[in-house]
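Structure first, commentary second.
The values are calculated or read from the model by the stated rules, or taken from the named source; none is laboratory data. In this text, all values refer to a predicted model and were calculated from it rather than measured experimentally. Cβ atoms come from the backbone with ideal geometry, glycine included; neighbour counts cover every protein chain shown.
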């Protein structure tokens, strides 16, 4: 795709491998946020 913009437009997309990590990352960040909130 060429958007012909200045500065150039960059479009990012997760691969299938990256998308498969989303459930694990969601669980990880939920735990981190819960632990942080309990510490306060």
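General observations
- Selected residue (criterion: modelled with the lowest pLDDT) from residues of the stretch 1-20 that are surrounded by 10 or more Cβ atoms within 10 Å (Cβ to Cβ) and assigned to a loop (DSSP other than H, G, I, E, B): 9
- Any hit, the stretch 21-31, residues being assigned to a loop (DSSP other than H, G, I, E, B), within 11 Å of the chain's Cα centre (by Cα) and surrounded by 10 or more Cβ atoms within 10 Å (Cβ to Cβ): yes
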